[in-house]
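This report refers to the structure that appears directly beneath it.
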Amino acid sequence: MKFISVAAVLATAVSSVFGQTITLGYPTNGAVLTPGQSFTAQIILPEALESCIQVGIALAMDACSNGVCPQPTDQLGSVLYAGPWTPTVHSPGGFYQNFTLQVPEYLSAGPAIFTLTHLCLLGAGPYPFLEFRNASVTIG
């Protein structure tokens, strides 16, 4: 019986954390980007019930080798932006912030991964919460 109670509490905690997640509005999976090209990355923050003190984000891009993309926990590749983010309310669309970035000219053509890394301090404690969001893109 205690196992069920602990599992229920754990499931509630996990679901509240996943409610905090941010998403990539752009680039999306399948986007084609050109070396040297400027593009606008859009980072979206859904409304959340629990407080999250924003620490910052990193936006990075890395080429994939032989169809295998690096895991963001192992390496991010070329960092295109690292610093604070201050999403603002937009209607319609919720909270988001756009960043103008440039695709590195030295990235070779083919599959690549765009990674959003997000760090915030979550809850009343607070505790650090780190998350990654990826988009599989093509360098054309």
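Worth a mention:
- At an R0 of 25 angstrom, the distance between the Cβ atoms of ASP74 and ALA124 translates into a FRET efficiency of 0.15.
- Local electrostatic count at ILE139 - Lys and Arg +1, Asp and Glu -1, tallied over other residues with Cβ under 11 Å: -2
- Mean projection of the Cα convex hull over all viewing directions, computed for segment 23-139: 7.5 nm².
- Rolling a 1.4 Å probe across the protein heavy atoms gives segment 23-139 an accessible surface of 53 Å² per residue.
The values are calculated or read from the model by the stated rules, or taken from the named source; none is laboratory data. Owing to the predicted nature of the structure, the values given are computational and were not obtained by experimental measurement. Every residue, glycine as well, gets a Cβ built from its backbone with ideal geometry; the counts of neighbours run over all protein chains shown. Side chains included, ligands, DNA and RNA excluded: accessible areas come from the protein's heavy atoms. Shrake-Rupley method; radii C 1.70, N 1.55, O 1.52, S 1.80 Å.
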